[in-house]
Amino acid sequence: MSDPAAARFAMIQVTRIFGVACVIAGMLMANGRLFAGAPVWIAYLMLAIGLVGIFVIPVKMARKWRTPK
């Protein structure tokens, strides 16, 4: 990608996808369907990290990379 805006958009989307994957993994871990022997607090940590990756980090990235006025 030669366009910096396209690369930045792709990075924001990859961050969101990673966040969704963390939320799904955390929910599966909390239900005991993924890594059944793992402590429950790890599942809740995965959920929290995933939610931050979906809602907070992409907004911060977009603000940082915003075109100056």
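The values are calculated or read from the model by the stated rules, or taken from the named source; none is laboratory data. Bear in mind that the values here come from a model prediction, so they are computed numbers and not experimental data. As a convention, Cβ positions derive from the backbone with ideal geometry for all residues, glycine included, and neighbour counts pool all protein chains shown. We work out accessible area using only protein heavy atoms, side chains counted, and drop any ligands, DNA or RNA first. Shrake-Rupley method; radii C 1.70, N 1.55, O 1.52, S 1.80 Å.
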* Principal-axis tilt of helix 40-55 within the chain, Cα atoms, nearest 10 degrees -> 20
* To do: Answer with one residue from Ala48, Trp65, Asn31: the one whose Cα lies farthest towards the positive end of the charge dipole of the chain, charges on Cβ with Lys, Arg +1 and Asp, Glu -1.
  => Trp65
* Once both axes come from the Cα atoms, what is the angle between helix 4-30 and the longest principal axis of the chain, in degrees from 0 to 90, rounded to 10? -> 10
* For the range 5-69, what log10 I(q)/I(0) values come out of the Debye formula at q = 0.13, 0.18, 0.21 1/Å, with one point per alpha carbon and no solvent? -> -0.42, -0.64, -0.76
* To do: Find the accessible area per residue for the chain; the probe is 1.4 Å, ligands and nucleic acids are left out, and the unit is Å².
  => 76
* Gain in length, Thr15 to Ile57, computed as 0.36 nm per residue apart minus the alpha-carbon separation, to one decimal in nm? -> 14.4 nm
* Asked: How large is the dipole of the chain about the Cα centre if only Lys and Arg carry +1 and Asp and Glu carry -1, each at its Cβ, rounded to the nearest 20 debye?
  -> 360
* To do: Using a 1.4 Å probe and counting only protein heavy atoms, arrange Trp41, Trp65 so the residue with the most accessible area comes first.
  => Trp41, Trp65
